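Here the structure is laid out as C-alpha cells; the discussion comes afterwards.
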Amino acid sequence: MRFSGVPAILLACLSLAACSSRGLTIDELLAQPSMETTSSVAQSTGIEPPADIASAQGNEAPEMLAMAPPAPIPHALESAVIEVGMPIPSARPAAFISPPALRKKRGPRSEIYRQRFRDAKPINFGRASPHSLAVHGVDVSRWQGEIDWVKLRSQGANFAYIKATDGGDHLDPMFKKNWRAAAEAGLKRGAYHFFYWCRVASEQADWFIRNVPKEPGALPPVLDVEWNGDSNCKKRPSREVVLEKMQVFLDKLERHYGQRPIIYTAPDFYRDNLQGAFPNHPFWLRSVAAHPSKVYPGRKWVFWQYSGSGLSHGVDGKIDLNVFHGSEEDWHQWVADATH
C-alpha cells in the first residue's frame, strides 16, 4: 500500500506486476492515476457496513493512495497536521447492531490488544482520531519482509489483511507464510487482491480463488481498486466498465467463499467510479490526513486505513495502520457475522 517515487524501485515494481503510485493533494489525485486496486462487495449476505461517526468540516485535507507495493517509500503529505474537530457520538453506530434473531452465535472471543503503534509521520486528527476506536490492525505484503507476528500482535495488531494476488498470474511470495503465521499468532486475518485493469475480471477472480484457501474464521476477502499510473497497463476504463468488472469479480468471490467481499479504495478512484455505487457492500477507506467522513462524505465504512507510515515491534520499516469502525463488542459481533 505504498507509492513508488524512486526509479529503481519502480523498475523492480513493474517487473513484479505489482506497481504503485503516490498521491498528492485531493485535487491532484483526481488528475493522476493511482497504484493499486481495492475490493468490491457483492450481493447481500447479511453483513451491514457500519455508519459513519460524523461529518467533517472545513476544506479537504491532502490525501494519498494506499496499497501500492514498495512499502519503504514514505508518504509525502503525511507530515501535515490536520485538525478535523468533529465530535464523536456517545452511542455506537446503529448499523452495527444486528437484529437478535439474525446474529450468529459467537465462539470464544479473542483478546483485544490496545494499539501501541508509533508513526514516522504522525497526524493530528483532532477529536476524530482513530485512536478513539478500540480495534486496530495492519495490512501487509512482501514489502514488510519477515514479520514476527506474535510481537506485532502484542503491539496492537488484532487483525491483518495480507496481500495475496494481483492480476491473473501474480502471487505475493510471502502470502502463504504470512497467512499461516498470522493465524498461529492469533490474529484475525483476511486476504486482498490488487485489481489489474488490463485483465479479464473472471480470470482474476479464479486466480484469487486458486491461491487463497476457503477457511473457517477467515475475514471476508478484499478487492483493492485504484488507478495504477506506474503499471504497464495504462487503461482507465469508463465508470460503467469499472463497475461491471468489479461486480463480476465480487460475485465470483462471494459465491465461492460465502462472504461478501470488502472494497478497499483511495480518494481519486472513489470519486471517479464509486460514489453512490455498491451501497450494500462494506468499504475499507484510505484516508491518511482527515477522517473518512471528510474525504468520502456519506459513505459507510468498516475499516479506515489512517496511516502508511506506521512503526511497530515485529516488523522492519513502515507498515500500514488500520482501525475497525466500532467498539470491542461491535468487533466481536461483526467477526461472528462475517466469518464461518
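The values are calculated or read from the model by the stated rules, or taken from the named source; none is laboratory data. Everything numeric in this text was worked out from a predicted model, so none of it was measured. Reconstructed Cβ throughout: ideal geometry from the backbone, glycine too, with neighbour counts over all protein chains shown. Please note that ligands, DNA and RNA were not included when accessible areas were found on the heavy atoms of the full protein model with its side chains. Shrake-Rupley method; radii C 1.70, N 1.55, O 1.52, S 1.80 Å.
Details
- Restricting segment 124-160 to residues that are open to solvent by less than 30 Å² (accessible area, probe 1.4 Å), among the aliphatic types (A, V, I, L, M) and within 24 Å of Lys294 (Cβ to Cβ), the residue that is nearest to the chain's Cα centre (by Cα): Val138
- For segment 315-338, a tally of residues being open to solvent by less than 20 Å² (accessible area, probe 1.4 Å) and part of a loop (DSSP other than H, G, I, E, B) returns 3.
- Residue satisfying all of: in segment 161-197; of a type in the set (D, E, K, R) and under 17 Å from the mean Cα position of the chain (by Cα); surrounded by the fewest Cβ atoms within 10 Å (Cβ to Cβ) among these: Lys188
- Pair list, Cβ < 7 Å and 6+ apart or interchain, from segment 249-266 residues that are part of a strand (DSSP E or B) to residues that are among the acidic types (Asp, Glu) and crowded, with 23+ Cβ neighbours inside 10 Å: Tyr264/Asp224; Thr265/Glu226
- Selection within segment 205-233: residues that are in a helix (DSSP H, G or I) and of a type outside the set (S, T, N, Q). The member of this set that is most open to solvent (accessible area, probe 1.4 Å) is Arg210.
- Remark: pairs (first residue in segment 173-185, over 16 Å from Asp148 (Cβ atoms); second residue modelled with pLDDT of 95 or more and part of a helix (DSSP H, G or I); Cβ separation under 6 Å; 6+ apart in sequence or on different chains) = Pro173/Arg142.
- Within segment 221-253, the set of residues being hydrophobic (A, V, I, L, M, F, W, C) and modelled with pLDDT of 95 or more comprises Val222, Leu223, Val225, Val241, Val242, Leu243, Met246, Val248, Phe249, Leu250, Leu253.
- Test: residue in segment 234-254 that is within 15 Å of the chain's Cα centre (by Cα) and open to solvent by less than 20 Å² (accessible area, probe 1.4 Å): no
- Any chance Leu285 is free of Cβ contacts under 8 Å to residues at least 40 places away in the same chain, within 19 Å of Ala191 (Cβ to Cβ) and in contact with a strand residue (DSSP E or B) (Cβ under 9 Å, 6 or more places away or on another chain): yes
- Cβ pairs under 9 Å, 6+ apart, first in segment 124-136 and within 17 Å of Ser327 (Cβ to Cβ), second crowded, with 21+ Cβ neighbours inside 10 Å and small (Gly, Ala, Ser): Ala128/Ala56; Ala128/Ala290; Ala128/Ser293; Pro130/Ser307; Leu133/Gly326; Ala134/Gly326; Val135/Gly326; His136/Ala157
- When we screen Arg271, Arg286 for residues that are surrounded by fewer than 24 Cβ atoms within 10 Å (Cβ to Cβ) and either over 21 Å from Val225 (Cβ atoms) or of a type outside the set (Ser, Thr, Tyr) (or both), the only hit is Arg271.
- As a summary of the residue check, Lys294 satisfies the conditions (1) of a type outside the set (Ser, Thr, Tyr); (2) within 25 Å of Ala218 (Cα to Cα); (3) open to solvent by 10 Å² or more (accessible area, probe 1.4 Å) except for the one numbered (2).
- Among the criteria (1) of a type outside the set (Phe, Trp, Tyr); (2) in a loop (DSSP other than H, G, I, E, B); (3) crowded, with 24+ Cβ neighbours inside 10 Å, the one Arg299 does not fulfil is (3).
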